[in-house]
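As structure tokens, the structure follows; a few thoughts come after it.
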Amino acid sequence: MKKIAKKTLMALAGLGVMMGAVSANAGPEEDRLKLVSHFKHKFPDLKQEDYVYSALAFDPDAKSQYNSIMEFPPYLGVLEKGEKMWKTPLKSGKTYADCLPNGGKMIAGNYPMFDNARGKVVTLEDAINDCRVANGEDPYKIGDDNTMGTLGAYMRTLSDGMKMNIKVEGEGALKAYEDGKRTFYQRAGQLNFSCGSCHVDNAGVRIRSELLSPVVGQAVHWPAFRGGDKLTTLQDRYEGCQKNVRHVNDKAGGARYNNLEYFHSYMSNGLEMKSSVFRK
Amino acid sequence: MRKRASIITGVLATLLAASAFAAETGKDIAFNRSKGNCLACHAMPTLPDAEQPGESGPPLIAMQARFPDKAVLRAKIWDATASNPQSFMPPMGKHQVLTEGEIDKVVEFLYGL
């Protein structure tokens, strides 16, 4: 009898290990669907396409303010500057459009992507820099909003309406994705928050008067012009978030943020891109 | 002359700052956004000046009834994750967000709510 009990226990333990292994390898699509259903349960009235508005989706007044500002956004001058940069030929005589896939149009939703040859995540900004270097220019500093930020703000408008389409294929890609996921869910900083503390568990909840946005839909609307004119890229925002939780922040363009952006963007797969947008 | 005046101003400013620091109440610490920042997540329904509170944590009310043992309340503030690993509350003491003395003052303040 004792022997049978022991055997059963061992079999159960084995099953547990197996199930643990299965859930650890559940993969990006399962992760995304789990979050989508978590929010669907939490916010039954919110439509999937509304998630692109982030916190605005929970606040009709703020949303209507957004709509009126977006009719004539105060940051159009920056986009014009970016457009000029985009159209200026590089040293080789070629333009960015010549160098990037599909003339640079409707491609932003494919980034970040995992580059198997280089064994790392490549963001859209990296692709722009690759283009610059291949055509005789120095790379821009990834976190510099006067150069890369401005050019990227215009370039991303060429992908408006494209659906986010991040792919995680192969061992290296999965490893980078898992690294980004770990950064997202790991508590950090003096205040001991993870990204998920606020943007999964407390999404839709007010911290003081500010509504916390859900992670699904966050990655499709960058850059944002905060307060109307402060260009803020997604990775600028990562820096801000880390500072908010009193963590030593990483720098835009580093592997940690790129992997985080890879995971983060995947969670918005299927949602429409929109650049640039106003945020308060 | 001007130099002496500026020295006197400097000394006065330091004294004022020091006395303001010494006089910092539990409520000051609780309300201060770079200290306790309790209102980020908790309402204080009995205080009319506790404006625009957040809603992530439970309202701070009837604290004596809810925490007959003051040490339990203090332990929650020091590190809420010790009794509830899922808690979002920053470990105010464990991570030295507040000093031990500041936590004592906040506990006294909360006990009056």
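The values are calculated or read from the model by the stated rules, or taken from the named source; none is laboratory data. No experiment lies behind these values; they were computed from the predicted model shown. Glycine also receives a Cβ, built like all others from the backbone with ideal geometry; neighbour counts cover every protein chain displayed. In case anyone asks, the SASA skips ligands and DNA or RNA and just uses the protein heavy atoms, side chains included. Shrake-Rupley method; radii C 1.70, N 1.55, O 1.52, S 1.80 Å.
Only one residue of A:146, A:68, A:266 has its Cα farthest out toward the positive end of the dipole of chain A, where Lys and Arg carry +1 and Asp and Glu -1 on Cβ, and that residue is A:266. Accessible area of residue A:34 (1.4 Å probe, protein heavy atoms only, ligands and nucleic acids ignored): about 150 Å². Extension gain, residue A:62 to residue A:163: 0.36 nm times the residue separation minus the Cα-Cα distance gives 33.9 nm. With every protein chain in place and a 1.4 angstrom probe, the accessible-area ranking of A:83, A:210, largest first, reads A:210, A:83. Shape class of the range B:24-111 from the Cα gyration tensor (axes a ≥ b ≥ c, square roots of the eigenvalues): rounded, since a/c falls below 1.5. Averaged per residue, the range A:213-265 has 35 square angstrom of accessible surface, using a 1.4 angstrom probe with ligands and nucleic acids left out.
Stretching the chain fully between residue B:71 and residue B:51 yields a gain of 4.4 nm (0.36 nm per residue, less the alpha carbon separation). Judged by a Cβ-Cβ distance under 4.7 Å, the unpaired cysteines of chain A are A:195, A:198, A:241. Farthest towards the positive end of the charge dipole of the protein assembly as shown, among the residues A:240, A:53, B:73, is the Cα of B:73, using unit charges on the Cβ of Lys, Arg, Asp and Glu.
Each of B:100, A:178 has its accessible area taken with a 1.4 Å probe; listed largest first, they run B:100, A:178. Only Lys, Arg, Asp and Glu carry charge here, each on its Cβ (+1 for the first two, -1 for the last two); on that basis the range B:24-111 has a dipole of about 200 debye about its Cα centre. Pairs of Cα atoms nearer than 8 Å and 6+ residues apart set the relative contact order; for chain A it is 24 percent. As a calculated quantity, the FRET efficiency between residue B:94 and residue A:40 at R0 = 41 Å, using C-beta atoms, amounts to about 0.70.
Each helix, a run of at least 4 DSSP H residues, gives -39500 (n - 2.57); summed and divided by the residues of chain A, these come to -13500 deg cm²/dmol at 222 nm. Taken about its Cα centre, the protein assembly as shown carries a charge dipole of roughly 860 debye when the Cβ of each Lys and Arg holds +1 and the Cβ of each Asp and Glu holds -1. Comparing A:45, A:98, A:179 in a Gaussian network model of chain A, where Cα atoms under 10 Å apart are tied by springs, the biggest mean-square fluctuation is seen for A:45. With a 1.4 Å probe rolled over the protein heavy atoms of all chains, the accessible area of A:130, A:59, B:69 falls in the order B:69, A:130, A:59, largest first.
Solvent exposure of the range A:46-158 amounts to 51 Å² per residue of accessible area, where only protein heavy atoms count and the probe is 1.4 Å.
Of the accessible area of the range A:167-272, computed with a 1.4 Å probe over protein heavy atoms only, carbon and sulfur atoms account for 50 percent.
Using alpha carbon centroids, what distance separates the range B:73-113 and the range A:72-127, in Å? When both Cα centres are located, 48 Å separates them.
Pairing chain B with chain A buries about 1500 Å² of accessible area. This figure sums both sides and uses a 1.4 Å probe.
Only protein heavy atoms count here; under a 1.4 Å probe, residue B:99 has an accessible surface of about 80 Å².
With a simple spin-label model that places each label point 7 Å from the Cα along the Cα-to-Cβ direction, the separation between residue A:92 and residue A:70 comes to 3.7 nm. Peptide B:48-59 shows a mean partner chain C-beta count of 3 within 10 Å per residue C-beta. Taking only the Cα atoms of chain A, the radius of gyration and Dmax are 21.0, 83 Å. Taking amide H as placed 1.01 Å from N in the peptide plane, residue B:41 has its amide H under 5 Å from the amide H of A:208, B:54, each at least 5 places away in sequence or on another chain.
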